[in-house]
Amino acid sequence: MTDSKGKTPDVLPRPDFHFEGEVGRTYQESDPPTFPQPVQPPKGAPNVVVILLDDAGFGQFETFGGGIPSPTMDRLAAEGLRYNHFHTTALCSPTRAALITGRNHHSASFAGITEIATGYDGYCCVLPRSCGTIGEVLRQNGYMTAWIGKNHNTPPWETSPVGPFDRWANGLGFDYFYGFNAGDANHWNPILYENRDLVPPSEDPDYHLTEDLADKAVNWVRKAKSISPDKPFFLYVAPGATHAPHHAPQHWIDKFKGKFDMGWDAYREMTLERQKKCGVVPKDTELTVRSKGLPSWDELNDDQRRLYSRMMEVFAAYGAQVDEAMGRVIDAVKALPDADNTIIIYIAGDNGSSAEGGLEGSLCENMFFNGFPEKWEDNIKAMDELGGPKHFNHFPSSWAHAMNTPFQWTKQVASHFGGTRNPMIVSWPDHIKDKGGLREQFLHVIDIVPTLYEACGITPPRTLNGVQQKPIEGKSFAHTFEDAKAPPKRKTQYFELAVNRGLYHDGWMASAPSFVPWVPIRDPDWDPDNQIWELYKIDEDFSQAKDLADKHPEKLRELQDMWWVEASKYNVLPLDWRGTQRMNAEEMGRPSLVGKRTKATYYEGMKQLSSEACLPMLNKSWKIDADVILLDGKAEGMIITHGGLEGGYGLYMREGKPVFVYNFLSVERTTIAAEEALPAGQTRLTVDFAYDGGGMGKGATITLFANGKQVAQGRLERSVPIQFSLGEGIDIGMDTGSAIDFTYTLPFKFTGKVEKVEVDIAPA
């Protein structure tokens, strides 16, 4: 693909500089000096842009027959290629680890998201140094590298301000990073980092994360090419959309009013017809049956239909906005002098659309991860606020299923294409001549890295930074750029996520679903040996509509046996189907900066200390002692807060009165406030949280003291059992994330002085 294909060294970094001339006693007696020169990329090496959307289904965007406009995808598809047999892992962190390393997700130690890591080779979510990233390899071969957006590949216990930083984006080979280190982000009030530095909250009243990330990508690529026009760049853009929360500006939401009143069943039928018409599925593709447990649109009442139509309108707005924002990034790239020698890979989803909103939709996704279902009767009361800053909303599971048309199932279900098959578009004007072509080779996300190495003329390093590398497990599909009928190099691919298992081999697919993705509670006595396997001939049955297990038991047995071989090869074992339990870091024994400590001291100015760097305060008694100086009798502002919109607590002053708020997953906010203002001077505020005990998520009595005197008391009947928040940690003296309640304006800086805040927890 380039003039020097395969000529880069297979040991990186290159040897240190050594002056080759003669050295005498003085410079006058020595050969003229030389300097080590910057590494030059292979001649003709292309720029690379990889865009990875989040939680998007095969039937979501118009470019692949869906109902959400995607003009940017349309434009790239018209000048490049659409791939309709491209697969992910069914979950975000695993897909992202595979994408940047070219290894299977278990090989890269990412069997699940970082928040459910366990202490096995394939499950620890600590990216092995033997799985070097494409960012690091390209960087050491003369590329400028940047990562904009979501990073969900840093272990949570390494995301604090004290690091270590070697598995942050900068440590993984990207010279520049701007984004968030979490699975999702509040798009109105995100916690962002620029490289290692916390980004101050925006003061723009119209701020939205999607637009911010697009701006940063545009600015970086322009700056890079202005400074080094002859060097190629690698730009990895990973917006948070369309992952929950479904946050979209009102003017975007208004565009879709009434557009989804037909409901999810009709949407699936309409989408399949559009998919056939635009050629992304064969003409004989069958619409699969509604996945088990999902309601039909017809069985809903009128209020449910109103609510769920609105939730889909918000989601569509969110998706349309991100595609337009990515268009601004593409416009900036296209304006560069070497635009035609730029590979653009646009992947619509790191997995299928998400069913984590539950059967009835959600106002707060954190309810799902804490194991609490929601009721539509409660959620409809907030219907007009959906998409705005008051909620962490997510549409119902049935809409997710519809977004994955024509397939069965959704995100998390790695056994079926509803979880794993995602649209991919590749553009490279200088090399792709089949403009608007379709490619049908069976591909997997691990195939991206070797394809880019081949296209860029890069030899995969045998040794990287002193560590022998695992072989690249992906296979290049660069040969498909020129030949639509090129035989696929991938003959076999395993799938596994939470024991949703699958095995592809030579046109056959064996599939074994385990648990429905909208129920996070799993039976510990479930037996994988009793799992029911299905069999599909997918080169004749695009959508996995015809189960042939009964007709071809011998073929099914062959693929089942192959699955165990692949599982043994790639660190898939031991099988683990636990759900919300694995999100409790303390119970799982994950590494912690806290260790065995039961007391911590925090100081004013500390911001966004990650939860993993803070004492575990769930399901136990604890006490907060805050030593503050009140400058007058009208003190205002936050003293300590942990979490935000989705759950947590806050101790603050209002009109001189101490206030404690406990946010139970955004659905209940218990406020305990003193009746009288406190005078100016040295003050110790104490919050005593007396946990009832008897298991997880139980109630508590909360007592508030000022200088040892009780000033207020309140009662919780339930508490957060698994996690306060999906990404927000502790702030001292202000609130830098989303607000714990809606009674103050961020950052709500304390008007006095916080000398220290001490937190004591009851021993485990």
Can we say residue 394 is touching a residue at least 12 places away in the same chain (Cβ under 8 Å), in contact with an Asp or Glu (Cβ under 9 Å, 6 or more places away or on another chain) and closer than 26 Å to residue 186 by Cβ?
yes
Residues of segment 699-743 being of a type in the set (Ser, Thr, Tyr) and over 23 Å from the mean Cα position of the chain (by Cα), which ones?
701, 703, 719, 743
Residue hits (segment 284-341; under 27 Å from residue 431 (Cα atoms), over 22 Å from the mean Cα position of the chain (by Cα) and among the acidic types (Asp, Glu)) are 331, 338, 340
Tell me, please, whether a residue that is in a loop (DSSP other than H, G, I, E, B) and under 23 Å from residue 46 (Cα atoms) can be found in segment 214-228.
yes
May I ask you to list the residues in segment 348-362 that are surrounded by 23 or more Cβ atoms within 10 Å (Cβ to Cβ) and not charged (D, E, K, R)?
348, 349, 351, 352, 353, 354, 355, 357, 358, 361, 362
Matching residues, segment 593-603, being within 10 Å of residue 732 (Cβ to Cβ) and buried (at least 17 other Cβ atoms within 10 Å of the Cβ)
602
Would you mind finding the one in 166, 184 that is free of Cβ contacts under 8 Å to residues at least 12 places away in the same chain and assigned by TED's automatic domain parsing to the domain that holds residue 454?
166
Looking for something in contact with an Asp or Glu (Cβ under 6 Å, 6 or more places away or on another chain) and surrounded by 16 or more Cβ atoms within 10 Å (Cβ to Cβ) - is there at least one such residue anywhere in segment 708-722?
no
Matching entry among 108, 77 (being aliphatic (A, V, I, L, M), buried (at least 24 other Cβ atoms within 10 Å of the Cβ) and in contact (Cβ under 8 Å) with a residue 40 or more places away in the chain):
77
Testing residue 139 on (1) within 30 Å of residue 331 (Cβ to Cβ); (2) without any contact (Cβ under 8 Å) to a residue 24 or more places away in the chain, one condition comes back false. Which one is that?
(2)
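Can you spot a residue in segment 224-237 that is exposed (fewer than 15 other Cβ atoms within 10 Å of the Cβ), closer than 26 Å to residue 51 by Cβ and in contact with a helix residue (DSSP H, G or I) (Cβ under 9 Å, 6 or more places away or on another chain)?
No, segment 224-237 contains no residue that is exposed (fewer than 15 other Cβ atoms within 10 Å of the Cβ), closer than 26 Å to residue 51 by Cβ and in contact with a helix residue (DSSP H, G or I) (Cβ under 9 Å, 6 or more places away or on another chain).
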For segment 442-493, which positions are within 17 Å of residue 11 (Cα to Cα) and aliphatic (A, V, I, L, M)?
458, 464, 467, 472
Scan segment 422-441 and report the pairs whose first residue is farther than 21 Å from residue 405 by Cα and touching a residue at least 24 places away in the same chain (Cβ under 8 Å) and whose second residue is among the small types (Gly, Ala, Ser) and assigned to a loop (DSSP other than H, G, I, E, B), with Cβ atoms within less than 7 Å and a gap of 6+ or a chain change.
426/80; 427/80; 428/80; 432/80; 434/484; 437/484
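Kindly provide the set of residues from segment 401-417 that are of a type in the set (Gly, Ala, Ser) and within 18 Å of the chain's Cα centre (by Cα), ordered by number.
Result: 414, single match.
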Residue hits (segment 165-187; small (Gly, Ala, Ser), part of a loop (DSSP other than H, G, I, E, B) and out of contact with any Leu (no Cβ under 9 Å at 6 or more places or on another chain)) are 169
I'd like the full set of residues that are part of a loop (DSSP other than H, G, I, E, B) and polar (S, T, N, Q), limited to segment 489-531.
514, 531
Among the residues listed as 506, 541, the single one being of a type outside the set (Ser, Thr, Tyr), in contact with a strand residue (DSSP E or B) (Cβ under 8 Å, 6 or more places away or on another chain) and in contact (Cβ under 8 Å) with a residue 12 or more places away in the chain
506
From the list 142, 122, 135, which one is in the same structural domain as residue 369 (by TED's automatic domain parsing), farther than 30 Å from residue 58 by Cα and more than 14 Å from the chain's Cα centre (by Cα)?
142
Residue 446 is checked against (1) part of a helix (DSSP H, G or I); (2) in contact with a Phe, Trp or Tyr (Cβ under 9 Å, 6 or more places away or on another chain); (3) among the hydrophobic types (A, V, I, L, M, F, W, C) and fails just one. What number does that condition carry?
(2)
Within segment 193-232, can you find the residues that are of a type in the set (Ser, Thr, Tyr) and free of Cβ contacts under 8 Å to residues at least 40 places away in the same chain?
193, 202, 207, 226
With a cut-off of at least 1 residues that are under 30 Å from residue 85 (Cβ atoms) and touching a strand residue (DSSP E or B) at 6+ places or on another chain (Cβ under 8 Å), name the helices (runs of 4 or more DSSP H) lying wholly within segment 293-393.
302-334
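For (1) modelled with pLDDT of 95 or more; (2) surrounded by fewer than 20 Cβ atoms within 10 Å (Cβ to Cβ); (3) on the phi > 0 side of the Ramachandran plot, each residue gets a yes or a no:
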site: 395; (1), (2), (3): yes, no, no
site: 404; (1), (2), (3): yes, no, no
site: 409; (1), (2), (3): yes, no, yes
site: 426; (1), (2), (3): yes, no, no
site: 437; (1), (2), (3): yes, yes, no
site: 467; (1), (2), (3): yes, yes, no
site: 485; (1), (2), (3): yes, yes, no
site: 492; (1), (2), (3): yes, yes, no
State yes or no: is residue 643 within 30 Å of residue 120 (Cα to Cα), outside the structural domain of residue 393 (by TED's automatic domain parsing) and part of a strand (DSSP E or B)?
yes
Scanning segment 533-566 residue by residue, those within 30 Å of the chain's Cα centre (by Cα) and either in a loop (DSSP other than H, G, I, E, B) or surrounded by fewer than 16 Cβ atoms within 10 Å (Cβ to Cβ) (or both) turn out to be 533, 538, 542, 543, 544, 545, 564, 565
Out of (1) over 29 Å from residue 287 (Cα atoms); (2) part of a helix (DSSP H, G or I), what's the single condition that is false for residue 401?
(1)
Applying the selection to segment 159-170, what residues are of a type outside the set (A, V, I, L, M) and either modelled with pLDDT of 95 or more or surrounded by fewer than 17 Cβ atoms within 10 Å (Cβ to Cβ) (or both)?
161, 163, 164, 165, 166, 167, 168, 170
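Of everything in segment 647-696 that's of a type in the set (Lys, Arg) and surrounded by fewer than 19 Cβ atoms within 10 Å (Cβ to Cβ), which residue is farthest from the chain's Cα centre (by Cα)?
Selected residue: 684.
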Which numbered condition residue 345 fails, given (1) crowded, with 24+ Cβ neighbours inside 10 Å; (2) of a type outside the set (Ser, Thr, Tyr); (3) under 19 Å from the mean Cα position of the chain (by Cα)
(1)
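The values are calculated or read from the model by the stated rules, or taken from the named source; none is laboratory data. Since this is a predicted model, take the numbers as computed values, not measurements. Glycine also receives a Cβ, built like all others from the backbone with ideal geometry; neighbour counts cover every protein chain displayed.
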